[in-house]
Each structure stands twice: as C-alpha cells, then as structure tokens.
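S.K.: Have a look at this one.
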C-alpha cells in the first residue's frame, strides 16, 4: 500500500475530522504561544494529543476546539501541556553532571566565603528529574552546604508536569537506575501508595524553587546565573527563535558562566556569545 493510500485509510479511521485548516491554525497558535515550530511531520502527533482534549471537553469538531481556545485561557494552558513533549530521567546525559561536579562545584569549594553565592537554572525541568539530579550533584560535591548560598530555579511551560516535579514523588522504576547509596540518602518510601513510590528528601527539595515559565515571555529573574541548563529545548524552535532565546539567556550570565544544551543541539550559526568547551557544554564569552 503506498503512502497516499495509508494516509487515506488513517483519515477514515479518525474519530474527529482534522483538515488542513485545523492543522495550520493550531500550528500557528503553538508557534505564537510557545515558540515551538511544528513541521508537517507532526500532524498526527497534534491530532492524537488534542483529540484527547476534545473527548474530555465533549466537543465534536476541531473548529469547536479552536473557538474555545480563542476565549478560554485555562484551556490554552491545557493545550500547551498537551503539545509539549516531556522526556526525562535522573542523570540523563551524565557528562553534564560530571562536569558540574568536577570542574565547577569542587573547585568552587576552595573559594573564600564571600564568593559562595551560586545560581543554577533548569529551564525546562519537566517532571523534576533534572533539577533533582542537579541538587544531588550539589550535595555530593559541597561538604558543608550551610556555609553556602546555592539555589536552583526549575521552570517549565507545562503546569501539569511542574506540579509533579514540585511534589517530588516517583514510582520505583524511575529511581531504579540510581545507586543504592543515592536512593538511601535522597529518597524515602511513600507508605500507603497504590504502587511502590518514593519521595525526595527535604534536603534535596529545599535547594529548588519551581516556577511556571514560558520561555517566549520576558524572564522574571535578573541573574547572574552561573549555570543554565537548557537541554532538548532549542530543537523545537526555528533559528530565529533560537537566536532570540539564547541572546536573552546570555544577558543573564557573566563571562565564564556555563550553558548546557541537549545531545543533539548546537549554537552553530545561533550565537557568538558562547564558546564550546566540551560535549554540548558552552562557556559565556
């Protein structure tokens, strides 16, 4: 069966009619609200994720849904939550945390007390594994944290995953890859849960502040930020949006501060404000 025939069968099997006008209107709205540029290849993804919203709202057509989005800010939040992708894990891309530990935090421990302010921003924190990993790295690297002023800001566009991150409760399979030592130090069993679950300890949680933030909106923080972790975000934006976003991040950093990107991302032809110093690790010029 050729591609056109397969597409025709898919159309017939759809629960809701989803024409070119629907896709183009929703794609433009995604770009306008989140900055994410959806290619034609994302058409089925958009349909699949938003069809769930139509069912939840008892709507019959995508036109009805588009009309609702025009006047309902609460549903616009749900729309963004449905479209954005959240894939994460503890110590994902571990070379970043090795660098943070060995080349940043441990050398920092030798500095005088006046230089012990340190700020890290996890800019797309999803369900929290990334900022909690950063917090674990901090606690394992700094022996006497009480003498330091270290804070982690964790933000995300998706209010649903941000709520999960703030709660800091994970099923057993999510923490299985962690060492026994880390599980013992940083997690406690949740009694009475339907499935084996573990909550982050107060020691870990107190380092992190969670806030909802649309990266296309003005940044509320002033900086300076010693480390910005912006992994697997730029891949969703076109080049112009990438340049604008990275430029605004650069304004929050001083020469020598660090920016971590995702494994498939690069600042080539995006920014001259940073120099590549390691695998997807950039230093502010």
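S.K.: Mind telling me which of 246, 138, 190 comes out most flexible in a GNM of the chain, alpha-carbon contacts under 10 Å?
M.R.: Among 246, 138, 190, the largest GNM mean-square fluctuation belongs to 190.
S.K.: Taking only Cα atoms and a 10 Å spring cutoff, compute GNM fluctuations for the chain and point out the largest among 241, 177, 137.
M.R.: Its mean-square fluctuation being the largest, the pick is 177.
S.K.: Still on this structure: With contacts defined as alpha carbon pairs under 8 Å and 6 or more residues apart, what's the relative contact order of the chain in percent?
M.R.: Values: 384 pairs, mean separation 45.7, N = 285.
That works out to 16 percent.
S.K.: Starting from the Cα-Cα distance between residue 56 and residue 89, subtract it from 0.36 nm times their residue separation and give me the gain in nm to one decimal. Don't skip to the end; give the middle numbers.
M.R.: Details: separation 33, 0.36 × 33 = 11.88 nm, distance 2.89 nm.
Full extension of this stretch gives 9.0 nm more.
S.K.: For 274, 282, what's the fewest-to-most ordering of other Cβ within 10 Å of each Cβ?
M.R.: On the way: 274 21, 282 24.
Ordered from fewest to most neighbouring Cβ atoms within 10 Å, 274, 282 come out as 274, 282.
S.K.: Now for a different question. DSSP beta bridges in the chain, what fraction antiparallel, as a percent rounded to 5?
M.R.: For the chain, the DSSP antiparallel bridge percentage is about 40.
S.K.: When the chain is treated as a GNM, springs tying every alpha-carbon pair under 10 Å, which of 146, 197, 126 comes out with the largest mean-square fluctuation?
M.R.: So, out of 146, 197, 126, the one fluctuating most is 146.
S.K.: Spin-label point model (7 Å from Cα, Cβ direction): what's the residue 268 to residue 235 distance in nm?
M.R.: Label-label distance for residue 268 and residue 235, simple model: 1.6 nm.
S.K.: With Rg and Dmax of the Cα atoms in Å as the read-out, I listed [x] 20.5, 62; [y] 21.2, 70; [z] 25.0, 76; which label goes with the value calculated from this structure?
M.R.: Recomputing Rg and Dmax of the Cα atoms in Å here gives the entry labelled [y].
S.K.: Turning to a different aspect of this structure: How compact is region 6-160 by the rule of thumb for globular proteins, expressed as Cα Rg over 2.2 N^0.38 Å?
M.R.: Numbers: Rg = 21.9 Å, N = 155, 2.2 N^0.38 = 15.0 Å.
Here the answer is 1.46, to two decimals.
S.K.: Oh, and also: On the principal axes of its Cα set, how long, how wide and how thick is region 152-236? Give whole Å, largest value first.
M.R.: Projected onto the principal axes, the Cα atoms of region 152-236 cover 42, 25, 23 Å.
S.K.: Moving to a separate point now. Before anything else, pin down the relative contact order of region 3-83: Cα pairs under 8 Å, at least 6 apart, normalised by residue count, whole percent. Please list the in-between numbers first.
M.R.: Numbers: 40 pairs, mean separation 25.8, N = 81.
Normalised by residue count, the contact order of region 3-83 is 32 percent.
S.K.: Once you have the Kirkwood Rh of region 3-83 from its Cα pairs, apply Stokes-Einstein at 25 °C and 0.890 mPa s and quote D in µm²/s.
M.R.: Numbers: Rh = 13.1 Å.
Value of D from the Cα-based Kirkwood radius: 187 µm²/s.
S.K.: Can you give the angle from 0 to 90° between the axis of helix 73-83 and the longest principal axis of the chain, with both taken from C-alpha atoms, to the nearest 10?
M.R.: It is inclined by approximately 80 degrees.
No lab work stands behind these numbers, since they all come straight from the coordinates. Values in this document were obtained by computation on a predicted structure and should not be read as measured data. Positions of Cβ are backbone-derived with ideal geometry, glycine not excepted, and every protein chain shown enters the neighbour counts.
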